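The values are calculated or read from the model by the stated rules, or taken from the named source; none is laboratory data. These numbers were taken from a predicted model, which means no experiment stands behind them. Using ideal geometry, Cβ is built from the backbone for each residue, glycine included, and neighbour counts are taken over all protein chains shown. Accessible surface areas use protein heavy atoms only, side chains included; no ligands, DNA or RNA. Shrake-Rupley method; radii C 1.70, N 1.55, O 1.52, S 1.80 Å.
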Amino acid sequence: MIRVDSPIPARWLGAVRLTACAFLLCAIAAGLLFWAAPALETPARLFVFVECVGMVFIACVAVLGRFGRLRRMQALPRWLLTGAIAIPTGYFGGTWSRS
């Protein structure tokens, strides 16, 4: 629970929690991918690739969530539009980091 007199704003704590969860889930995904296909890539490069994809995806979701027009949409079209923008951006951002 967030204290009212906390020196850190609640918005920043939410961003830190979101980033930490995304980082952890991407690390788990990289480990599972390496376990499933060890010849695909070295663990370190795979970890960096998956983390870059995940962090670019989270950044896109956070930035798109700030738009008022998107916020007023219903849930399904909002998530479809966010995914249509964030998934390719995350993929290309992660692929660019890999080269």
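For segment 42-62, a residue qualifies if it is free of Cβ contacts under 8 Å to residues at least 24 places away in the same chain and surrounded by 12 or more Cβ atoms within 10 Å (Cβ to Cβ), and the qualifying residues are P43, L46, F47, A59. Would you mind stating whether C26 is touching a Ser or Thr at 6+ places or on another chain (Cβ under 6 Å), of a type outside the set (A, V, I, L, M) and surrounded by 13 or more Cβ atoms within 10 Å (Cβ to Cβ)? Judged against the criteria, C26 is not a match.
Name the single residue that is farthest from G54 (Cα to Cα) among those in segment 71-85 being surrounded by fewer than 12 Cβ atoms within 10 Å (Cβ to Cβ) and not polar (S, T, N, Q).
First, pick out the residues of segment 71-85 that are surrounded by fewer than 12 Cβ atoms within 10 Å (Cβ to Cβ): 71-72, 74-77, 80, 84.
Subsequent filtering for residues that are not polar (S, T, N, Q) retains 71-72, 75-77, 80, 84.
Numbers: R71: 22, R72: 25, A75: 22, L76: 21, P77: 21, L80: 17, A84: 15 Å.
Among those residues, the one meeting the criterion is R72.
Scanning segment 51-93 for residues that are under 16 Å from the mean Cα position of the chain (by Cα) and of a type in the set (F, W, Y) turns up F57, W79, Y91, F92. Scan segment 89-99 and tell me whether some residue there is open to solvent by less than 100 Å² (accessible area, probe 1.4 Å), of a type in the set (G, A, S) and at pLDDT 80 or above. No: zero hits.
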